[in-house]
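The values are calculated or read from the model by the stated rules, or taken from the named source; none is laboratory data. Note that the structure is predicted; figures quoted are calculated from it, not measured. As a convention, Cβ positions derive from the backbone with ideal geometry for all residues, glycine included, and neighbour counts pool all protein chains shown.
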Amino acid sequence: MSNIVSAKEISAAATFSDKPISIRVMVNSYFIALFLTTFFSGFLIYLEQDLAGILLFGASWLIFPFLAWTDRITFDGKRLTRTGFLPRFWASVNNSKYRLKIADIEQVETQALRALKRGGNVFYRYRTSVNGKDLKFAFASGGEEYRQMISKLFALLSENTLDNRSIELRDYLREPKETLMKAEFAKIPSVDVLENSLNALKTADKNLRAKNKEISVEEIEKADYLHRLANELRLSGYLLQSLEAFRRALFLNPKDAWLIFDFARCLHSFAGAERDKKLGRKAFAALRLAEKRGHDDGEMLARLGESYFQYGDWRRAEKVFQKALEAVETSFRSVRGLAEIALREGKIAHVIHHFATANRLAETPALRRWTQGETDYFSRLNADDDYMEMEVSRVNLLEGLERSKKTSLHVAMLGFPAIVLGVTLENNLIANIGWAVSCIAITVWMCVILGQNLLSSRVPMDFNEED
């Protein structure tokens, strides 16, 4: 009977995998366009151009939501495709692409933003960007579509293409209700029981110091199950319950370096949400212990080095990357990490060396193309002072534009109360001042955004090159 069920499950899984997956793109640009058209339609009405203002308002609120709703990213198992009208129109205008083959994906990065905190629960919103061949596809979590996309797409990519968090999402992102049901079956207490006490963390700390405990096969299997459950709870935002699952797993198997490493990442997330520096120090102590216990595991050390780098401890990250290379000489992630650290330190020659090494270690054509591009770019920077000056100027200008964008938006917001007050009191002077301030600031804001888009790409390496 079990064999029959398994066959059915495999058949269903195969059928599901053949279906294209679709997810809505990030709608930030559409919201910006809707905000601008709404603002200027109000301005036209204030200038007594009622018909133009009403037409602009109505058209924008009909068109932009429709464009945002239909702009999606689909994945058919072979390529990512942008289906929206505007992206396809723009691609036809500037002769660019709106499709990305899975073999051409060079990097996948995922950011976690704390969207809501409630007790011991921290609900995250994940933003994933997929890059390759000068194309970028970005989408955010928010439902089953995201989980399906992550599960199907990431499983087909080289692990060296994914960053730390993307790997965790691939392995442990599950439907929250299903995860809570597993926690209930494992008799993990609810958040209401755990949120008023941090004893679980102190007990886990004691478990980490255990040294000579003999572990049976049954205990290892149970610890592995709790380890997976803890990570699923962590990615779903149930941090206290995740820490409790980690505590129980560490009690059973306190020597597992991967278990300690994942516990440390969970504890670091919880410390950041609670703004608890003491717990933050405990998290770093656990990372150091994972480094000690996994001193011969090159893969774990490379992932550990990425965590140190992510948390801002670059010196420790560099040491761990070096340890990973001593354990496994062909660690692409470690060499790439050393290149990123050398870049932060301004050591361009080291950056070139590490990216050239990463190019030799890359196992896919996409990674080889990306690392070769980085090697060529930084080699040109190192060899050509004029090109270096142009790139430094571009980066400095981008930083200045970012500050100007924030300032102009704040100034525009300051004008809104004057507009409302002037219209309410029928005081033309106050309203005119408000409209003038907001219009000028928003115009500057728009120009700054256009400037950022123009300057976001690197200066072409053949720019101003003599024949």
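Key figures
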item	result
Residue count for segment 371-388, restricted to those that are without any contact (Cβ under 8 Å) to a residue 24 or more places away in the chain, more than 25 Å from the chain's Cα centre (by Cα) and assigned to a helix (DSSP H, G or I)	3
Residue that is modelled with pLDDT of 90 or more, surrounded by fewer than 15 Cβ atoms within 10 Å (Cβ to Cβ) and among the acidic types (D, E), where the choices are E178, E214, E232	E178
Breaking point among (1) within 30 Å of K222 (Cβ to Cβ); (2) at pLDDT 90 or above; (3) not hydroxyl-bearing (S, T, Y), for L156	(1)
Some residue of segment 144-158 being hydroxyl-bearing (S, T, Y) and within 25 Å of R275 (Cα to Cα)	no
Residue identified as surrounded by fewer than 13 Cβ atoms within 10 Å (Cβ to Cβ) and outside the structural domain of G272 (by TED's automatic domain parsing) among D163, D134	D134
Qualifying residue in segment 419-441 (condition: surrounded by 16 or more Cβ atoms within 10 Å (Cβ to Cβ) and under 30 Å from K133 (Cα atoms))	no
Residue check, R99 of a type outside the set (S, T, N, Q) and within 27 Å of L450 (Cβ to Cβ)	yes
Filtered residues of segment 43-76 (kept if in contact (Cβ under 8 Å) with a residue 40 or more places away in the chain and hydrophobic (A, V, I, L, M, F, W, C))	F43, A68, W69, I73, F75
Total residues in segment 51-98, condition of a type in the set (D, E, K, R), within 19 Å of T128 (Cα to Cα) and surrounded by 14 or more Cβ atoms within 10 Å (Cβ to Cβ)	5
Residues being buried (at least 17 other Cβ atoms within 10 Å of the Cβ) and over 12 Å from I348 (Cα atoms) - total across segment 370-385	2
